[in-house]
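This report refers to the structure that appears directly beneath it.
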Protein chains: 2
Amino acid sequence: MNAPQKPTTSVRRAPATAVESLIADCLAAAGAPRDDAETVAALMTEADLTGADAHGVFRLPQYARRLKAGGFNRTPKIRVERTAPATALVDGDNGMGHLVVKRAAATAIELARETGVAWVGVRGSNHAGSAGLYAEMPVAHGMVGLYSAVASANHMAVWGGNELLLGTNPLAVAVPTGAGPMVLDMATTVVSYGTIKKHTLQGLPMPEGWLIDRETGEPITDPAQSGRGLLLPIGGYKGSGLALMLGALAGVLNGAAFGRDCVDFNADDTSVTNTGQFVVAIDVARFVGLDRFVAEVDRHVADLRATGRMQGVETIRLPGDRRRECRAEREASGIPLPEALIVQLDKVAAEFSVPPVFSR
Amino acid sequence: MNAPQKPTTSVRRAPATAVESLIADCLAAAGAPRDDAETVAALMTEADLTGADAHGVFRLPQYARRLKAGGFNRTPKIRVERTAPATALVDGDNGMGHLVVKRAAATAIELARETGVAWVGVRGSNHAGSAGLYAEMPVAHGMVGLYSAVASANHMAVWGGNELLLGTNPLAVAVPTGAGPMVLDMATTVVSYGTIKKHTLQGLPMPEGWLIDRETGEPITDPAQSGRGLLLPIGGYKGSGLALMLGALAGVLNGAAFGRDCVDFNADDTSVTNTGQFVVAIDVARFVGLDRFVAEVDRHVADLRATGRMQGVETIRLPGDRRRECRAEREASGIPLPEALIVQLDKVAAEFSVPPVFSR
């Protein structure tokens, strides 16, 4: 049920404002324009607040390193070409992915207002963090949002293969409900690589079924061995096929990298990744109407929550529940930072001569 | 790897033309206009040819029964309302699903030619058979196709629940390649209910991981016990969440049935199902261009086929491979019909005083 992890290492909590200002200061010090640094910091902090820990401040050291190394274009000229009434292609000019995809989502919303649906493809982008963030953007405008991406490193083989040729290519879908956006944000693998990284950082053992050894096919449960592993797709060949198709749509269709052309963004700070993504916005008003849609989704959600349950199941959890609960809890109590991460963040802060997260 | 089943019962092969004319004659005799009967027969036969056995002539007895019982509107007035430049809502007027969704796909293709992408929702429809058929339709026009549906009976619980409140809500994606359409057609459950029905009909035992007992949560492997079962979603809570989201998009967004409102189409021949589906067409020319897309997909596909393989894996199978192979083999050698199905088909043919499949 994807219950929150019980970390074995100690954790301290920092207010979201401290996390956000640390990120903004470091990215700006690493060469990003202040506005852009703040845009990215807000999205990364939102990822932390909503429990997408692998896409929050956890990524700051890597992003700062890549900015410094010139792997990101610090001052990208993001170009939006409207290629048809309901489609656009966004060229990110190798800017930070958050900037590029936020622009794509804004474009999709704008076009869909006119045409009912809009499909906006992205190339020349980079790792954009939490998929749910972008799927959620159209919801505030009475729209359904879809988002997918070619993952920024290959951690999966095609079904039956043993080479890292596919990514965890996520799919996110968000719909409006009376309780706010209901957001499904899923990797096409049983777990995301971010979850593996989190386990590695915190030294948490992994259950069987997440990762297998490339050579032997045996399960890997020791996070220290994750480098030898292949992530397993959901539903076997189905998840592998879905990752391939999402890669074709988010990558190939937009002239972005896929398969063997993907740069391992975690291992390489300088090469242009040419990351591809897409955002789709669907205006609910052009279908059943927003009020009716929300009322009906709410009715069905209530029904699903009230269902009879399997023995031992206390509550039914629906897409976005953990997200919503995390957000409320972390806004009140702060974002939990494991000690190992705090050490890294303090190092980055020192490097850029900005105050560390716990002095903010 | 979803290898073709080795049936334990004997099987005879009928030419596709014989299967198609049997279906058309029976549906017409059961009250469908001849044109409509032929349209549905062509799509059902295509399902058989491409290996979607649970959606081919296997469904004839049920469809004929429902036509006779008045559960389908035999002469539907299918209405297409263009609700925005790139969206339409199709009301199927309770016609056979094949007719309604084929119309929706044609609409999506027509609109997308103008607007780059089109999203066409469907309500008032019925079971439309093989998802891949509809996703594939835009491909002949240089487009990518997406299709989903609210399944015509609930065979899954929400993750943690034990009531049949969700369907296997399939997702199909088709893209053009040099070797023809590459089609992913997947249920959000580990197997489709059609596969369960096929096992029931042929008395084939089922592996663990497909179905669990609603009361005990124990695996069901005896096909005779499938009525007590819940289909398991792919990736646990992920597949459950995906089925919910696809249901919201294919059902709720279009004013069609979802959740507790779904009529079990397999058990009930008369109630209006108000089935919902959607078809999306994306014009490749508005993105990277068709020639380049096909060349790049072909390059990546070749790369994936040539990958290093896990021990014991002879060939890498990609979405649509089985479909393509089945089609070639069955066009040449005929559609395999298990004896139990032949008995049913002969009964239907006799009922409508039309020649049986093996006298055509």
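The values are calculated or read from the model by the stated rules, or taken from the named source; none is laboratory data. Remember, predicted model here, so these are calculated numbers, not experimental data. Here the Cβ is made from the backbone with ideal geometry for all residues, glycine too, and neighbour counts use every protein chain on show.
State whether the residues of the range B:61-69 include one that is away from chain A (no Cβ under 14 Å) and touching a Cys at 6+ places or on another chain (Cβ under 7 Å). Checking the range B:61-69: at least one residue is away from chain A (no Cβ under 14 Å) and touching a Cys at 6+ places or on another chain (Cβ under 7 Å). Of all residues assigned to the range A:294-317, none qualifies as being more than 10 Å from every other protein chain (Cβ to nearest Cβ), touching a helix residue (DSSP H, G or I) at 6+ places or on another chain (Cβ under 8 Å), surrounded by fewer than 21 Cβ atoms within 10 Å (Cβ to Cβ) and under 30 Å from A:L246 (Cα atoms).
Residue-wise test of (1) closer than 13 Å to A:L22 by Cα; (2) at pLDDT 95 or above.
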residue: A:E314; (1), (2): no, no
residue: A:L318; (1), (2): no, yes
residue: A:S333; (1), (2): no, yes
residue: A:P355; (1), (2): yes, yes
residue: A:S359; (1), (2): yes, yes
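Among the residues making up the range A:248-287, a single one is touching a Leu at 6+ places or on another chain (Cβ under 7 Å) and small (G, A, S): A:G259. The set of residues in the range B:151-176 that are more than 8 Å from chain A (Cβ to nearest Cβ), closer than 22 Å to B:T216 by Cβ and not aliphatic (A, V, I, L, M) comprises B:N154, B:H155, B:T168.
Please specify each residue of the range B:224-239 satisfying the condition of being in contact (Cβ under 8 Å) with a residue 40 or more places away in the chain, assigned to a helix (DSSP H, G or I) and surrounded by fewer than 24 Cβ atoms within 10 Å (Cβ to Cβ). Result: B:Y237, single match. A count restricted to the range B:76-107 and to residues that are under 23 Å from the mean Cα position of the chain (by Cα), over 18 Å from B:G255 (Cβ atoms) and of a type in the set (A, V, I, L, M, F, W, C) stands at 4. Look at A:V144 and say whether it is modelled with pLDDT of 90 or more, under 13 Å from the mean Cα position of the chain (by Cα), over 30 Å from A:E339 (Cα atoms) and not charged (D, E, K, R). Against the criterion (modelled with pLDDT of 90 or more, under 13 Å from the mean Cα position of the chain (by Cα), over 30 Å from A:E339 (Cα atoms) and not charged (D, E, K, R)), A:V144 does not qualify. Look at (1) modelled with pLDDT under 95; (2) of a type outside the set (D, E, K, R); (3) over 30 Å from A:V19 (Cα atoms) and you find that A:H300 fails only one, number (1). Looking only at the range A:326-338, count every residue that is of a type outside the set (V, I, T), touching a residue at least 24 places away in the same chain (Cβ under 8 Å) and surrounded by 14 or more Cβ atoms within 10 Å (Cβ to Cβ) and tell me the total. Adding up the residues that qualify gives 7.
Taking the listed residues A:R65, A:R59, the one that is closer than 28 Å to A:R330 by Cα, over 18 Å from the mean Cα position of the chain (by Cα) and either assigned by TED's automatic domain parsing to the domain that holds A:P15 or aliphatic (A, V, I, L, M) (or both) is A:R65, with no other qualifying. I'd like to check something: does the range A:127-146 contain any residue that is out of contact with any Phe, Trp or Tyr (no Cβ under 9 Å at 6 or more places or on another chain) and closer than 26 Å to A:L231 by Cα? Checked the range A:127-146: at least one residue is out of contact with any Phe, Trp or Tyr (no Cβ under 9 Å at 6 or more places or on another chain) and closer than 26 Å to A:L231 by Cα. For A:S353, the stated conditions do not hold, so it cannot be described as farther than 30 Å from B:L246 by Cβ and free of Cβ contacts under 8 Å to residues at least 24 places away in the same chain.
Restricted to the range A:107-130, and to residues that are away from every other protein chain (no Cβ under 13 Å) and of a type in the set (A, V, I, L, M, F, W, C), which residue is surrounded by the most Cβ atoms within 10 Å (Cβ to Cβ)? Filtering the range A:107-130 for residues that are away from every other protein chain (no Cβ under 13 Å) and of a type in the set (A, V, I, L, M, F, W, C), the one surrounded by the most Cβ atoms within 10 Å (Cβ to Cβ) comes out as A:A128.
What about A:L242, is it over 17 Å from B:M245 (Cβ atoms) and touching a residue at least 60 places away in the same chain (Cβ under 8 Å)? Answer is no for this residue. A single member of A:V284, A:V252, A:V279 is more than 19 Å from A:S192 (Cα to Cα), modelled with pLDDT of 95 or more, more than 10 Å from chain B (Cβ to nearest Cβ) and touching a helix residue (DSSP H, G or I) at 6+ places or on another chain (Cβ under 7 Å), and it is A:V279. Which residues, counting only those in the range A:178-203, are more than 9 Å from chain B (Cβ to nearest Cβ), more than 14 Å from the chain's Cα centre (by Cα) and in a loop (DSSP other than H, G, I, E, B)? Correct list: A:G178, A:A179, A:G180, A:P181, A:G203. Taking each residue of the range B:135-152 that is under 26 Å from B:G255 (Cβ atoms) and looking for partners that are in a helix (DSSP H, G or I) and acidic (D, E) with beta-carbon atoms closer than 8 Å, six or more apart or interchain, yields B:G145/B:E136.
Per this entry, A:A118 is counted among residues that are over 28 Å from A:A64 (Cβ atoms) and hydrophobic (A, V, I, L, M, F, W, C).
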